[in-house]
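Down below is the structure, laid out as structure tokens.
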Amino acid sequence: MKGSIAKRLALMFALAVTLITAVSATLLRCSLKQSLEDQMQNELTLRHSVLDPVLAKYDSPEFWVGLRQKLDGLTPADERVRYWVLGDNPAYSYGGAMPDGQDWSKRPDGFSTVEVPGRDRPMMLMVETIAAMGSRPEVRFIVGLDSTPFMKTLDNFTKTLVLTSALGVVLVALLGYWIARFGLGPVRRLSRQANSLPPGDSKQRLDTEALPGELQELAVSFNGALARQEAAWCQLEGFNANVAHELRTPLTNLIGQTQVALAHGRDVNELQDLLQSNLEELERMGTIVNDMLFLAGAESGQRATELSDVSLNEEALKTVEYLEPVLHDKQLSVVIQGDMQVCIDRRLFHRSLANLIQNAARYAVPTSTITVSLVSHGMQAEVSVSNAGEPIDNVHLERLFERFYRADAARARSDAHHGLGLSIVRAVASMHGGRVFAYSKNGLNTFGFSLTSQAAR
Ligand SMILES: Nc1ncnc2c1ncn2[C@@H]1O[C@H](COP(=O)(O)OP(=O)(O)OP(=O)(O)O)[C@@H](O)[C@H]1O
Ligand SMILES: [Mg+2]
């Protein structure tokens with residue numbers, strides 16, 4: 001059944017119909033059985049009501065001889081109906097012993113059944129006590145009715161019922177299968193549409209208009225997945241272009257300088273200067289490649305591993321001391337607020353905080369103060385760096401954490417900054433189960449990240 005909704009539905013329809021027909025067939029059979037039993041009892045009651053007064057009225061043995069003949073006459077050849085009169089005096093008895101060989105003279109009055117040898121079905125009996133009268137003692141008058149014809153009717157009815165129910169179940173299963181296949185037509189159409197989407201065109205989407213409501217949701221989700229894929233694809237393409245672009249400039253410089261040096265004879269000092277300059281370019285390229293490798297690791301789900309318990313305030317102080325020369329140029333001061341004891345990778349924390357402070361120092365108003373805030377939210381530490389500076393447009397704010405994204409690309413490309421600093425901050429946050437944030441208001445630009453204390457994970 002696995003793999004086919006139509007077959008599953010057909011099976012479910014068939015099971016439902018089996019259940020319904022089983023219940024209704026059982027009820028119908030019970031009701032027919034009851035009415036057949038009522039019919040038998042009515043016939044027995046009728047025969048008693050005719051004969052009981054006759055038996056009760058006479059006591060002369062001569063009359064009883066005639067009565068026995070009459071009962072013989074009333075008994076059909078196939079003995080479908082039988083009579084017994086049970087009493088102590090044989091002159092007032094009839095019919096011989098009961099078919100089961102039991103003594104029925106003590107049985108209570110009313111209806112009962114008795115098995116008759118040679119017959120499939122039992123005989124239904126009605127017993128009545130006829131009170132003694134004159135010389136006749138008390139006798140028990142029994143009328144028996146063979147239940148075989150009634151039970152045959154019941155059996156035939158049951159067979160017909162079972163056959164028609166089985167046929168009904170098969171028909172419903174077949175019809176159910178056909179209906180389900182017909183109903184699932186739009187799913188097949190949708191799958192054909194999905195199959196026919198051209199491989200090279202990431203802009204193509206499924207047509208949701210013509211679909212029934214239930215499938216529209218699926219198609220919309222599928223289109224959403226395609227859109228995300230397209231966005232990821234575009235990002236990847238842009239990223240490749242960015243990497244190529246970032247590496248092209250230092251490579252061009254290296255090639256150019258080397259060609260010039262080869263073309264004109266240089267003395268040792270000039271060659272040393274050239275090598276020094278080339279080394280710087282190579283170091284820049286090395287930094288980009290290392291950063292890229294670090295980001296790729298974080299993106300593939302790498303977590304922080306070199307964990308230690310630290311005071312964030314103490315660690316932030318070390319970072320600021322290390323960056324003192326950068327701050328000195330613009331005569332900037334740094335204030336560190338708050339503290340929290342956490343278990344994190346301190347090396348990664350320094351790297352992120354340094355990136356944020358370096359950015360802040362680059363964009364801060366000269367002689368202003370940079371604020372480093374350390375706020376605790378349960379097991380999460382929120383680290384933010386604010387500086388006074390030009391407001392940043394929301395369009396940029398949302399994208400600054402992307403690799404190679406710079407608010408002022410033209411200007412930024414000309415210097416040594418590649419636009420990877422904030423993506424590294426984001427990678428460090430994700431390696432600690434945290435996130436990044438940025439906002440610009442009241443002349444203050446704030447960039448930050450959160451870290452989850454790793455021991456608590
Ligand atoms: N404090 C800030 N004030 C204003 N703009 C900022 C600030 N911090 C970052 N930005 C903007 O975000 C961009 C991306 O920053 P990011 O640190 O990722 O790259 P970068 O500093 O240009 O280069 P890198 O950090 O690789 O040397 C910057 O180019 C700048 O436009
Ligand atoms: Mg930076």
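The values are calculated or read from the model by the stated rules, or taken from the named source; none is laboratory data. Everything numeric in this text was worked out from a predicted model, so none of it was measured. Positions of Cβ are backbone-derived with ideal geometry, glycine not excepted, and every protein chain shown enters the neighbour counts. Just so you know, the surface numbers come from the protein's heavy atoms only, side chains and all, with ligands and any DNA or RNA stripped out. Shrake-Rupley method; radii C 1.70, N 1.55, O 1.52, S 1.80 Å.
Here are a few things to note about the model shown:
- Set of aspartates and glutamates near residue 203 by C-alpha distance (under 18 Å), chain-local residues within fewer than 8 positions excluded: 230, 237
- Within the straight-line cut-off of under 20 Å between alpha carbons, the aspartates and glutamates reachable from residue 152 are 37, 38, 43, 78, 79, 115, 120, sequence neighbours fewer than 8 places apart in one chain being disregarded.
- Ordered from largest to smallest accessible area (heavy atoms of protein chains, 1.4 Å probe), the residues 26, 319, 148 come out as 26, 148, 319.
- Rounded to 10°, Cα long-axis angle of helix 61-74 versus longest principal axis of the chain: 40 degrees
- Among 25, 50, 278 the positive-end extreme of the charge dipole of the chain (Cβ point charges): 50
- Helical runs (DSSP H, four residues minimum) scored at -39500 (n - 2.57) apiece and divided by the length of the chain put the mean residue ellipticity at 222 nm at -19000 deg cm²/dmol.
- Additional length obtainable on full extension of the chain from residue 339 to residue 263, 0.36 nm per residue less Cα span: 21.4 nm
- The chain, accessible area per residue, ligands and nucleic acids excluded (1.4 Å, Å²): 58 Å²
- Carbon plus sulfur fraction of accessible area for the chain, probe 1.4 Å, in percent: 58 percent
- Each Lys and Arg Cβ is given +1 and each Asp and Glu Cβ -1; about its Cα centre, the range 213-299 then shows a dipole of about 180 debye.
- Cross-link partners of residue 330 among aspartates and glutamates (Cα-Cα below 19 Å; sequence separation of 8 or more within a chain): 321, 390, 415
- Total charge dipole magnitude, the chain, about the Cα centre, Cβ charges on Lys, Arg, Asp, Glu only, Debye to nearest 20: 1240 debye
- With R₀ fixed at 51 Å, the C-beta to C-beta distance from residue 435 to residue 166 puts the FRET efficiency at about 0.20.
- In this calculation the C-beta distance from residue 113 to residue 207 is compared with R0 = 56 Å, giving a FRET efficiency of 0.15.
- Computed lengthening from residue 277 to residue 326, 0.36 nm per intervening residue step minus Cα-Cα distance: 15.4 nm
- If you take the alpha carbon atoms of the chain and fit the smallest convex hull around them, that volume is 338 Å³ per residue.
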